[in-house]
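Asker: Structure incoming, see below.
Please treat every number below as a calculation from the coordinates, not as lab data. Fair warning: this is a prediction, and the values are worked out from it, not measured in the lab. Quick reminder, even Gly has a Cβ in these numbers, built from the backbone with ideal geometry, and neighbours come from all protein chains shown.
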Amino acid sequence: MRKNHKQVIIGYNRYALYAFIPVFLICIFICSACVPGKTGTPLSTYMKGEHILLQGGVPDDMQAFGYALETNLDSLRARYRVAGVAIALIEGVRAGDVTLPEPRLIQSGTAGRDENGQWHAMDAGTTLFDVASLTKRLVAWTMIHNQAELGIDITKSPFEVPNGLSLSGCEWNPWAGGAYPLAQQGFSLGAVIQHRAGLTMEGLNDIYPWGWPAWLYGPGGQWENAMPSLCQDLNGRHNTALAGRMVFREDLLGKFTYSSGNYGLLQMLIEQKKPSEGFDAYMQEVLEEDLNMHHSTFSYDPVGFLEDRRGHNEGLYLSQNYRSYLNQDSNSPEGLRLLVNKACGGLFGTVDDYAKFAARLMADGIRPGTIDDINIFCDDNRFSSFDSENFPDAEGYDAYIFRGELQGWATHVILDPARGNALVIFTNTADPVGDTLGYGTGENLIREVYDVWMLTSGYGPTLKRIHAKFWNGRTVKACLPYYGD
């Protein structure tokens with residue numbers, strides 16, 4: 001009886017902890033909605049109009065914007081307590097271009113200190129980041145453009161011919177004992193890419209919810225444990241968010257329900273279509289042969305893998321990832337976390353490399369109604385603003401954006417296909433709480449840079465709507481004179 005009582009107490013305590021976590025997160029959300037910034041925080045400074053990059057007015061063009069970044073990035077980084085930031089600018093890409101412009105690279109701060117105690121300066125061409133959820137854009141591109149090579153059809157269900165995904169022996173199978181959903185019901189491979197296939201994460205993960213620690217499983221780890229399988233990951237050991245098992249809900253078919261688990265399904269399909277190579281090796285071919293991204297990889301040992309592959313030391317260094325804590329000016333480094341579901345956020349790469357991918361998207365002709373538009377950027381990742389001159393379609397969009405954040409890294413990409421311009425920003429300091437409450441770190445730095453890029457691009461009206469949406473109807477005074485009509 002005493003043993004049973006103890007088990008009940010343990011179970012109750014565990015349940016209470018699980019119940020507390022969502023309540024705590026809800027409280028943070030409520031606080032962030034009500035308090036855009038306390039006195040003396042970087043956000044409140046910004047809200048008062050003290051925008052570092054707009055001190056000389058809106059830059060005349062992208063060249064002037066790049067100069068403003070080069071001149072002020074150190075000050076901007078210091079304001080937001082960010083250890084390091086790397087930026088790439090692309091200008092003037094047109095659909096059909098074969099030769100793409102080289103990115104303009106700008107950087108500031110440190111990438112971290114290595115095991116020998118040596119500090120490494122941030123370098124947009126050689127410093128590697130975990131690009132977090134920006135990984136999804138590259139995997140989506142691969143599924144779309146390599147359909148013939150992979151032997152797939154994104155208009156069909158993952159389980160239909162020619163896709164033929166098999167869950168035999170996989171512990172994750174929400175359709176076990178029943179029929180698989182079909183494309184005619186809205187469950188297509190394209191719907192999975194778009195987060196419209198009714199797949200969502202439910203429950204709570206109780207083991208390493210934000211990724212498996214590298215010291216336990218990674219290169220040079222203290223233990224020789226095998227990483228969990230992708231099937232285990234989708235069945236409840238989801239390691240990219242505080243979430244449990246991926247489930248299928250028929251009522252969500254066709255509705256946008258963002259979930260990293262969707263991309264685990266895509267990874268599983270690639271692994272089955274390329275069994276001799278596996279996901280990592282196949283995606284390495286895509287990176288290097290299709291996209292000219294030679295400093296990017298899905299390897300758990302990105303620097304070692306890339307240096308071995310290129311045959312010599314290119315000075316690559318994996319940036320440390322930092323978290324800044326509330327009311328503290330100093331940052332402390334996070335440990336590297338490894339993802340089983342690599343397709344959702346497991347790419348390591350440089351800002352320079354990812355800018356080449358952004359340029360490729362525009363050269364491919366991404367615009368409203370195209371296959372890349374529909375599948376790569378969807379719903380909240382497109383800013384609607386009819387531009388009759390460049391997009392003679394009432395459903396035109398003036399910019400595409402996607403963001404990522406993972407254990408101390410914050411990443412953003414912004415595309416303006418009408419003008420052929422793109423902006424890629426990676427920072428190695430990110431704290432979801434600090435970012436939300438305006439105490440600094442990567443997301444807030446990115447916000448200031450993004451504002452000026454939008455204004456320089458002539459998208460003041462769109463920026464005004466965005467600020468009204470995300471700052472609870474409050475006008476962001478930093479940009480008030482520059483919004484336009």
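Asker: Where the centre of each part is set by its Cα atoms, how far does the stretch 241-284 sit from the stretch 64-92, in angstrom?
Answerer: 35 Å
Asker: Next up: What would the Debye equation give as log₁₀ I(q)/I(0) for the stretch 290-359 at q = 0.25, 0.26, 0.27 Å⁻¹, counting only Cα atoms as equal point scatterers?
Answerer: -1.19, -1.23, -1.26
Asker: Multiply the residue gap between Ala95 and Arg113 by 0.36 nm, knock off their C-alpha separation, and tell me the result in nm, one decimal place. Don't jump to the answer; show the numbers that get you there.
Answerer: Values: separation 18, 0.36 × 18 = 6.48 nm, distance 4.14 nm.
Result: 2.3 nm gained on full extension.
Asker: Here is a further query. Check the straight Cα-Cα distances from Lys48 and name the aspartates and glutamates below 20 Å, setting aside those fewer than 8 residues away within the same chain.
Answerer: Answer for Lys48, where 20 Å is the Cα cut-off: Asp435, Glu443, Glu448, Asp451, listed by chain and number.
Asker: Please list the non-local residues whose amide H lies under 5 Å from the amide H of Thr429, H modeled 1.01 Å from N, same-chain partners needing a gap of 5 or more.
Answerer: Under 5 Å from the amide H of Thr429 lie the amide H atoms of Ala83, Gly84, Tyr322, Ala410, Gly442, each far enough along the sequence or on another chain.
Asker: Treat the count of other C-beta atoms within 10 Å as a stand-in for reagent exposure and order Leu167, Leu138 from fewest to most.
Answerer: Listed from fewest to most nearby Cβ atoms, that is Leu167, Leu138.
Asker: Oh, and also: With θ set to phi - 60° and the Karplus curve 6.51 cos²θ - 1.76 cosθ + 1.60, what are the ³J(HN,Hα) couplings of the stretch 177-187 in order, to the nearest whole Hz, using x for Gly and Pro?
Answerer: Using θ = phi - 60°, the values come out as x, x, 8, 6, x, 10, 4, 5, 8, x, 9 Hz.
Asker: Over all alpha-carbon pairs of the stretch 138-278, lay out the pair-distance distribution in 5 Å bins, whole %, shortest bin first.
Answerer: Result returned by the calculation: 2, 10, 18, 22, 21, 14, 8, 4, 1, 0.
Asker: Please find the FRET efficiency linking Asn173 to Ala214, where r is the Cβ-Cβ separation and R0 is fixed at 30 Å, and quote it to the nearest 0.05. Before the final figure, lay out the partial values.
Answerer: Working: r = 30 Å, r/R0 = 0.99.
Computed FRET efficiency for Asn173 and Ala214: 0.50.
Asker: Computed over the Cα atoms, what is the radius of gyration of the stretch 412-480 divided by 2.2 N^0.38 Å, N being its residue count?
Answerer: The value comes to 1.16.
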